């Protein structure tokens, strides 16, 4: 997933757009009108779906979610599994559930705003039930240069918290561990993290020494 060429992936906002919500409501209204005219429609089944659909829409109003996330939340609310699947199929059909768009935007935002590495983001997408092929495509937004640049920014930022040049080896190692820890918590490669942390610490010490 690292080193792969960057693709021009479309960006979809985490919050569902008004256009999407309007599209869904219109589709549901059209369906309801058709159900009234069609005596073969199972009205009892449609009533069961209505409750699940309303709850799913409230969850989507809060933020975009993967299909797996919605499924898990609806199961916890003790809705019937077959009804949940039917509703999720409906929402997928009108574009309110789109795991590809969700994963792409999740990676873009979490890398840019939280400084998360591709490895950490991959684990997050796994927990959200995103399929391997979709995860790989979304993570192609991040290449090796992106990873190193983000890690370096984080290392420099943490090094700025050091207020004086370490007096001995023990104090220096302590400062170094703090910088490495910031990068490790975001899932960056250990070897790269150590090298960048040393470089950031050296630059900070030089800065302090000439201040």
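Laid out as a table, the results:
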item	result
Residue 94, sole failed condition from (1) in contact with a helix residue (DSSP H, G or I) (Cβ under 6 Å, 6 or more places away or on another chain); (2) modelled with pLDDT of 95 or more; (3) surrounded by fewer than 19 Cβ atoms within 10 Å (Cβ to Cβ); (4) not assigned by TED's automatic domain parsing to the domain that holds residue 205	(2)
Test: residue in the range 135-158 that is closer than 20 Å to residue 64 by Cβ, free of Cβ contacts under 8 Å to residues at least 24 places away in the same chain and surrounded by fewer than 20 Cβ atoms within 10 Å (Cβ to Cβ)	no
The range 25-65, subset assigned to a loop (DSSP other than H, G, I, E, B) and modelled with pLDDT under 70, residue surrounded by the most Cβ atoms within 10 Å (Cβ to Cβ)	41
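The values are calculated or read from the model by the stated rules, or taken from the named source; none is laboratory data. Small disclaimer: the values here were computed from a predicted structure and weren't measured. Backbone-built Cβ (ideal geometry, glycine too); neighbour counts: all protein chains shown.
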